[in-house]
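For reference, the structure is listed below as structure tokens.
The values are calculated or read from the model by the stated rules, or taken from the named source; none is laboratory data. Since the structure is predicted, the reported quantities are computational estimates derived from the model, not experimental observations. Backbone-built Cβ (ideal geometry, glycine too); neighbour counts: all protein chains shown. Heads up: the accessible areas ignore ligands, DNA and RNA and are worked out on the full protein's heavy atoms, side chains in. Shrake-Rupley method; radii C 1.70, N 1.55, O 1.52, S 1.80 Å.
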Amino acid sequence: MALVLGIESSCDETAVALVTTDRRIVAQRIASQDAEHAPYGGVVPEIAARAHAERLAPMIAGMLEDAGVELADCDAIAATAGPGLIGGVMVGLVSAKALAMATDVPLIAINHLEGHALSPRLADPSLEFPYILLLVSGGHCQILRVEGVGRYRRLATTIDDALGEAFDKTAKILGIGFPGGPAVERLATKGDPKAVLLPRPLVGSGEPHFSFAGLKSAVLRAKESGKFADADIAASFQQAALDCVTDRLRVALGATAPAPALVVAGGVAANQAIRTALEALAQEHEMRFVAPPPALCTDNAAMIAWAGCERIGQSDSLDTAARPRWPLDPEAEPVRGAGYKA
Ligand code: KG4
Ligand code: ZN
């Protein structure tokens, strides 16, 4: 059994965790920066990087002390090395390198998306490869065939906004706070999902890609019309987004070899309506449905430590660079209209 220290700092959560290869989260700490970014309605990269730099070292020291663990007891230090906001990624990665250098514990540079992609296996020991993964976060919206650690085939991606981004923009339009996903989900429970007629971009298309920019513009027009209650707009938006997700997944499932499990991960996977819809879709396809507990869906360091556990025995050079972009499937073909999120 090996013990891995995980460090996550790619966006606006400073997080550290200790996880064992037999799936025990020994300790973890998360400091959210919501209060710092809320006045701007989104994450400000410079503020994020400074907050990580201030918090990370005391969080690691405090967690180790509480857990009664010496740094030298760790078998690896796993840190997010990208993709993400580069200033924050550098803070976490450079800290990990310094700790690795001081203790001779191996460094493992983790792709944040791999952290999300493998997180369901931390929560569910019976989840084996391959599985079909819907990875939905603030910056990414992809369907992947996960064949093994480091073996990802991208079946679909978004040609414009990520799903979490669509939730965040809807929240901004409705003026219900930041971060937007949980706020939209809460408001949607009070609204009628059929009240506002909204588009379902790309639904019916033969390729399984996503698009959410048109949906966001339609939400803006609905709000500006003054004809609808905010709760009805939120519920209708969430329903339209769900319809897009299930339609796109149906196409992707039809185009790939059968796999025993349908899995969801990433921040938006915390959404109960999406979990319910995906569970039904999995049943329809006679697949098992796996979703990590919500706290493991949104950014955290346990998933980074767990990705380190999955890669235990490997070690990366202390020269490893932080990467603002780092696709899980470098061979995936570019998609028409897809920008940096591909
Ligand atoms: O994975 P994550 O924590 O960070 C990134 O890697 O991007 O995902 C954050 C995204 C945000 O867009 C947030 O609004 C969304 O996940 N999110 C949700 C919910 N909780 C978080 N979206 C919908 N419903 C939720 N309950
Ligand atoms: Zn994330």
List the pairs whose first member sits in region 56-69 and is under 14 Å from I25 (Cβ atoms) and free of Cβ contacts under 8 Å to residues at least 60 places away in the same chain, whose second member is surrounded by 12 or more Cβ atoms within 10 Å (Cβ to Cβ) and among the charged types (D, E, K, R), and whose Cβ atoms are under 8 Å apart, counting only residues at least 6 apart or on separate chains? M63/R29
So, in region 296-313, exactly how many residues are within 15 Å of ligand 1 (Cβ to nearest atom), more than 8 Å from A78 (Cβ to Cβ) and more than 11 Å from the chain's Cα centre (by Cα)? 3
Enumeration of residues in region 93-117 that are among the aliphatic types (A, V, I, L, M), surrounded by 24 or more Cβ atoms within 10 Å (Cβ to Cβ) and out of contact with any Leu (no Cβ under 9 Å at 6 or more places or on another chain): I108, I110
Is it the case, given these coordinates, that G68 is open to solvent by less than 50 Å² (accessible area, probe 1.4 Å) and not aliphatic (A, V, I, L, M)? no
Only residues in region 209-231 that are more than 14 Å from K169 (Cβ to Cβ) count as the first member; pair them with residues that are open to solvent by 40 Å² or more (accessible area, probe 1.4 Å) and not β-branched (V, I, T), Cβ under 7 angstrom, at least 6 apart or cross-chain, and list the lot. H209/L202; F210/L202; A231/K190
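Within region 234-286, take every residue that is assigned to a loop (DSSP other than H, G, I, E, B) and open to solvent by 30 Å² or more (accessible area, probe 1.4 Å) and give me the one that is nearest to E207 (Cα to Cα).
Applying the first criterion (assigned to a loop (DSSP other than H, G, I, E, B)) to region 234-286 yields 256-260, 266, 271, 285-286.
Now narrow it down to the ones that are open to solvent by 30 Å² or more (accessible area, probe 1.4 Å): 257-258, 260, 285-286.
Numbers: A257: 16, P258: 17, P260: 22, H285: 19, E286: 22 Å.
This residue is A257.
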Out of region 241-281, which residues are more than 20 Å from T157 (Cα to Cα) and either modelled with pLDDT under 95 or in contact with a strand residue (DSSP E or B) (Cβ under 7 Å, 6 or more places away or on another chain) (or both)? P260, E279
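Being at pLDDT 95 or above, away from ligand 2 (no atom under 16 Å from the Cβ), closer than 24 Å to D299 by Cβ and not small (G, A, S) narrows it down to one of V196, V149, V203, so name that one. Don't jump to the end; show me each part of the working.
On the way: V196 fails: closer than 24 Å to D299 by Cβ; V203 fails: closer than 24 Å to D299 by Cβ.
None of the other options fit; the residue is V149.
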Options V136, V105, V146: the member that is within 12 Å of ligand 1 (Cβ to nearest atom), in contact (Cβ under 8 Å) with a residue 24 or more places away in the chain and β-branched (V, I, T): V136
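Looking at region 171-225, which of its residues are assigned to a helix (DSSP H, G or I) and among the β-branched types (V, I, T)? First the steps, then the outcome.
Going through region 171-225, the residues assigned to a helix (DSSP H, G or I) turn out to be 171-174, 180-188, 213-225.
Listed by number, the residues that qualify are I173, V184, V219.
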